Amino acid sequence: MLEVKDLRVNYKTQHGRPVTAVRGVSFTVPDHSFVGLVGESGCGKSTLGFAISRLLNVKRNEVSGYVQLNGKELLTMSDRELRKLRWSKIAIVLQGGMNAFNPVLKIKQQFMDVMRAHGKFRVQDMVERIGYLLEQVKLDREVMEAYPHELSGGMKQRVAIALSLVLEPELIILDEPTTALDVVVQRAIVDMLQDLQRRMKFSVLFISHDLGLVLEVAQRVMVMYAGDIIEDESADVLLKGGNHPYTKALLNCYGDPQSEEVRLVGIPGAPPDLSQPVVGCAFAPRCADAFAPCTLHQPPRVKTETGSICCHLYTEMKGGSKIGN
Ligand code: SF4
């Protein structure tokens with residue numbers, strides 16, 4: 001359904017050297033699937049979400065490649081056509097978006113504004129739809145009469161998710177939707193999201209820095225590092241440890257709460273400066289398994305049994321057919 005090919009984003013900077021935040025990324029999000037996108041801060045995952053939704057300022061950034069939603073190319077589509085697709089085909093819940101409600105309008109009004117901007121609806125039908133959606137995110141219908149400041153953070157995030165569903169989109173991009181919430185509320189919201197996705201059959205691209213959380217809800221997880229997707233695997237494979245040294249290192253950052261002794265292992269070093277060209281594997285300076293080709297050649301993307309990976313070590317040990325150029 002969503003097909004992204006060779007997507008590249010350069011942020012123009014004042015010092016002249018652009019920062020390549022997304023470096024030629026390709027992937028698909030099939031119909032009715034729950035796909036996770038994880039990586040540490042600054043790896044380009046939010047930029048990728050913005051680029052797909054065409055929310056980046058084209059005057060300040062260069063975006064190239066292809067983003068197709070059900071065969072329609074989004075990057076070159078006119079603003080008018082794009083407006084028709086927004087909310088009804090593709091919706092996005094932004095990080096901190098729950099704090100962007102208009103403080104002087106009731107929740108009901110904010111839903112109605114979106115509905116009126118995209119179609120003709122009778123007031124009675126809109127009220128019924130808002131009530132239905134609030135119930136779907138486990139809130140009382142009366143919440144529609146509240147102002148945003150009368151709701152807790154968890155309630156506002158549920159309202160933001162209900163709002164994203166108002167025109168029944170086929171794909172929802174959720175960018176760190178639970179980061180600002182405590183772990184109990186976070187858990188309740190991801191459980192609710194998973195349940196909604198199964199029942200309403202939309203697709204989800206769930207962006208988060210929290211691999212543990214994503215592995216619990218997503219069917220497939222893409223791991224992003226330094227602007228590229230370095231492993232794209234089924235959640236089951238990643239739960240067993242994954243294949244890429246970076247994914248393994250990320251998983252080592254989590255302790256087993258049932259073990260008597262928990263040793264947390266961090267990842268030494270820092271991601272590369274993306275205003276400079278990346279030579280070889282971007283993870284090489286931090287990788288305990290790096291060997292000669294890693295610093296010289298960019299690892300090609302190869303197929304695994306259930307996904308794909310970019311790692312010389314994997315190719316050397318297990319082979320795998322190359323994907324793309
Ligand atoms: Fe490590 Fe080399 Fe694989 Fe990069 S390509 S992750 S440096 S083994």
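The values are calculated or read from the model by the stated rules, or taken from the named source; none is laboratory data. Remember, it's a predicted structure, so these values are computed and weren't measured experimentally. Glycine gets a Cβ as well: all are built from the backbone with ideal geometry, and neighbour counts include every protein chain shown. With ligands, DNA and RNA removed, areas are computed over all heavy atoms of the protein, side chains included. Shrake-Rupley method; radii C 1.70, N 1.55, O 1.52, S 1.80 Å.
Give the carbon-plus-sulfur fraction of the accessible surface of region 222-325 in %, rounded to a whole number; probe 1.4 Å, heavy atoms of protein chains only. Present the calculation step by step, with values, prior to reporting the outcome.
Numbers: 3120 of 5900 Å².
Solvent-exposed carbon and sulfur of region 222-325 make up 53 percent of the total.
Karplus-based coupling profile of region 244-259, in residue order and whole Hz: 7, x, 5, 4, 4, 5, 4, 5, 5, 6, 9, x, 7, x, 8, 7, with θ = phi - 60° in 6.51 cos²θ - 1.76 cosθ + 1.60 and x standing for Gly or Pro. Of all aspartates and glutamates in the structure, the ones whose alpha carbon falls short of 20 Å from that of residue 45, not counting any fewer than 8 places away in one chain, are 3, 6, 62, 175, 176, 210, 216, 228, 231, 232, 233, 273. Annotation: lysines with alpha-carbon distance below 17 angstrom to residue 12 (same-chain offsets under eight excluded): 59. Averaging the Cα positions of each part gives two centres, and for region 168-197 and region 98-139 these lie 19 Å apart. Only protein heavy atoms count here; under a 1.4 Å probe, residue 158 has an accessible surface of about 40 Å².
Remark: spin-label model distance residue 113-residue 199 equals 2.8 nm, labels positioned 7 Å along the Cα→Cβ axis. Here's the picture: charge each Lys and Arg Cβ at +1 and each Asp and Glu Cβ at -1 in the chain, and of 164, 300, 196 the one pushed furthest to the positive end of that dipole is 164.
Can you pull out the chymotrypsin sites (Phe, Trp or Tyr not before Pro) in region 232-325 whose DSSP state is coil and whose Cβ has at most 15 other Cβ atoms within 10 Å?
254, 291
The simple spin-label model puts a point 7 Å past each Cα toward its Cβ; for residue 265 and residue 323 those points are separated by 2.7 nm.
The phi torsions of region 71-78, fed into the Karplus equation with coefficients 6.51, -1.76 and 1.60 and a -60° offset, translate into couplings of x, 9, 7, 7, 5, 9, 5, 5 Hz, rounded to whole numbers, with Gly and Pro shown as x. Within the straight-line cut-off of under 12 Å between alpha carbons, the aspartates and glutamates reachable from residue 138 are 191, 195, sequence neighbours fewer than 8 places apart in one chain being disregarded. Shown here for region 257-325: GluC sites (Glu not before Pro) in loop regions (DSSP other than H, G, I, E, B) with at most 10 other Cβ atoms within 10 Å, namely 260, 261, 305.
P(r) tail for region 156-220: Cα pairs beyond 16 Å make up 39% of the total. Averaged over residues, the count of other Cβ atoms within 10 Å places the peptides 90-102, 160-172 in the sequence 160-172, 90-102, highest first.
Ignoring ligands, DNA and RNA, please state the percent of accessible area on region 58-182 from carbon and sulfur, probe 1.4 Å. Let's see the in-between values first.
Details: 3310 of 6630 Å².
Within region 58-182, the accessible surface is 50 percent carbon and sulfur.
What the Cα convex hull of the chain gives, in volume per residue, is 154 Å³.
With R₀ fixed at 56 Å, the C-beta to C-beta distance from residue 248 to residue 58 puts the FRET efficiency at about 0.90.
May I ask you to give the solvent-accessible area per residue for the chain, in square angstrom, as obtained with a 1.4 angstrom probe? Could the numbers behind the result be given before it?
Values: 16400 Å² over 325 residues.
On a per-residue basis, 50 Å².
Measuring between alpha carbons in the structure, the pairs from 72/322; 5/322; 106/201; 84/120; 108/156 lying more than 18 angstrom apart are 72/322; 106/201.
Cα gyration tensor of region 13-106, axes a ≥ b ≥ c as square roots of the eigenvalues: rounded (a/c below 1.5), prolate (a/b > b/c) or oblate? Please report the intermediate quantities before stating the final value.
Details: a/c = 1.33, a/b = 1.12, b/c = 1.18.
Rounded.
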